[in-house]
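Only one structure is covered here, and it is reproduced in the block below.
Throughout, read-outs are computed from the coordinates displayed, never taken from laboratory work. Just so we're clear, the structure is a prediction, and the values are computed from it rather than from any experiment. All Cβ positions, even for glycine, are placed from backbone atoms using ideal geometry, and neighbour counts span all protein chains on display.
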2 protein chains.
Amino acid sequence: MADGTTRSTDRTEEIYEEERIARLIRLAARSFNRSLQMRLTSEGVTFGQWIFLRILWRSDGLSQRELSERAHLTEPTAHTALQRMEELGFITRRKVGNNKRRQHAFLTEKGWALRDRLEPLAVEVNDLALDGLDESEETVLRRALSVIIRNLERDEKDAAARGLRVPATRSLPNI
Amino acid sequence: MADGTTRSTDRTEEIYEEERIARLIRLAARSFNRSLQMRLTSEGVTFGQWIFLRILWRSDGLSQRELSERAHLTEPTAHTALQRMEELGFITRRKVGNNKRRQHAFLTEKGWALRDRLEPLAVEVNDLALDGLDESEETVLRRALSVIIRNLERDEKDAAARGLRVPATRSLPNI
DNA sequence: CACTAAAAAGTAGATGTCTAAGTTTTTCGG
DNA sequence: CCGAAAAACTTAGACATCTACTTTTTAGTG
């Protein structure tokens, strides 16, 4: 690097300071996912299945569309995930009343039973994560995250109005 | 739901309180990614490419292994990403000195030039996100996130010692 | 009451990530 | 200094997600 093509990295360092919150949030999300996934896997449940189970434990019998919206996933993704969950015996899918379009998902006994085993895992991960933070810090953290989410969701909406769109996003890198 | 199979959701509500921080962090990470991705896409760069560019702007000439470690991605992922970046003319890859194993990545003029266009986008997203938070809240947020990351990384290490492993994790759901 | 538009589900194909296995080069103990 | 182990990269294959499109059903309106 001591040749003619040397570049200053000073400015980049500054930018890194600016970008630090986004990076910390991504790392924290990644850690949460990894710690929870380890535990879910040992119970034979994938992270995606956990997402839908969690919604169904609150609101059994939702339609596929409602489930995909609440999970922030697309309908094809929900479709294949729920299909798999039916194969595994966690749910049954059926149409309700005389509406022949909507496909509703209902927890089976097996699906309900998972709740007692899985929810403590999520509680455990949260408790672990928050160890060393006092109540006031936790309160600020919650508020700050809510503000950030609100700000950025407005940004996405504004950008959409200007014609910008979020790309395929296949998957979120583990950053 | 007014039949014999009615289930109480009271307990689930409690658990949701417990789980709230993880959920907020995932949503915040998702929003950050989406807002940045929108902007990167309009400049013809993917999120994955941004990750590697950001590292290279700091430390040009790293090996593929070093890059994959810093990006928290596997070597095959780094391999294909860097291959594509070479095709696009952002970098060149070559071996250095008399080590015939390591493949190093070097930014081209084009790769360096992207910095001026892309870094302001990240700064913009961060400023937008933090709008409405004062300095003390930002400080607490940083500290809290660092504590959470440290706690959970220790958890993962401890769990590994007990034989638990993080599963394939193909991709992080947009939760 | 028929016809079009909207809603919901499903299918097909692309992509980025991962694990597992293979190849080449380097390191190092006997 | 030779052969096994480790290091670094590469290839192959699996999978969850996405977009775009198709199909079926419902709703709305002249």
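Taking region A:63-95 as the search range and keeping residues that are of a type in the set (Val, Ile, Thr) and within 11 Å of DNA strand C (Cβ to nearest atom), which one is farthest from B:Ser31 (Cα to Cα)? Walk me through how you get there before you give the answer.
Filtering region A:63-95 down to residues of a type in the set (Val, Ile, Thr) leaves A:74, A:77, A:80, A:91-92.
Pick out the ones that are also within 11 Å of DNA strand C (Cβ to nearest atom) and you get A:74, A:77, A:80.
Numbers: A:Thr74: 16, A:Thr77: 19, A:Thr80: 25 Å.
Taking the candidates together, the pick is A:Thr80.
Residues B:Ala105, B:Ala122, B:Ala129, B:Ala113: which one is farther than 30 Å from A:Leu121 by Cα, within 16 Å of DNA strand D (Cβ to nearest atom) and aliphatic (A, V, I, L, M)?
Details: B:Ala122 fails: within 16 Å of DNA strand D (Cβ to nearest atom); B:Ala129 fails: within 16 Å of DNA strand D (Cβ to nearest atom); B:Ala113 fails: within 16 Å of DNA strand D (Cβ to nearest atom).
The conditions single out B:Ala105.
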Practice item. Find all pairs meeting these conditions: Cβ atoms under 6 angstrom apart; at least six residues apart or on different chains; first residue within region A:41-57 and farther than 12 Å from A:Arg70 by Cβ; second residue small (Gly, Ala, Ser) and in a helix (DSSP H, G or I). Key: A:Gly48/A:Ala81
